[in-house]
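Participant: Next up is a structure, given as structure tokens.
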Amino acid sequence: MGSETYAFLRNFADSWHLLFMVLFLIGVFVWAIRPGANKVHREAANSIFRNDDRPAPAGAGAPANKEA
């Protein structure tokens, strides 16, 4: 790779690509807090409880005691 190519790519990465990454990050934040996203976030947060119709029996989540 020639020194002109390296200098061009370095200049691009230092300026325009950095600007692109910052704008992309801002876009992701705006998309995440957009109006209407609250329902999607609430649904995702509660998805692990979707099929629960009663509490688990006592000791169901405890690891089995396997002594040899």
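Participant: Report whether or not R34 is outside any helix (DSSP H, G or I), modelled with pLDDT of 85 or more and among the basic types (K, R).
Facilitator: So R34 passes the test.
Participant: With the requirement that a residue be exposed (fewer than 11 other Cβ atoms within 10 Å of the Cβ) and among the hydrophobic types (A, V, I, L, M, F, W, C), what does the range 1-12 give you?
Facilitator: If the condition is that a residue be exposed (fewer than 11 other Cβ atoms within 10 Å of the Cβ) and among the hydrophobic types (A, V, I, L, M, F, W, C), then M1, A7 are the ones that fit.
Participant: Suppose we filter E67, E4 for residues that are of a type in the set (D, E) and modelled with pLDDT of 80 or more; which single one remains?
Facilitator: Answer to the check: E4.
The values are calculated or read from the model by the stated rules, or taken from the named source; none is laboratory data. Nothing here was measured: the structure is a model prediction, and the numbers come from that model. Counting neighbours? That spans all protein chains shown, and the Cβs are built from the backbone with ideal geometry, glycine included.
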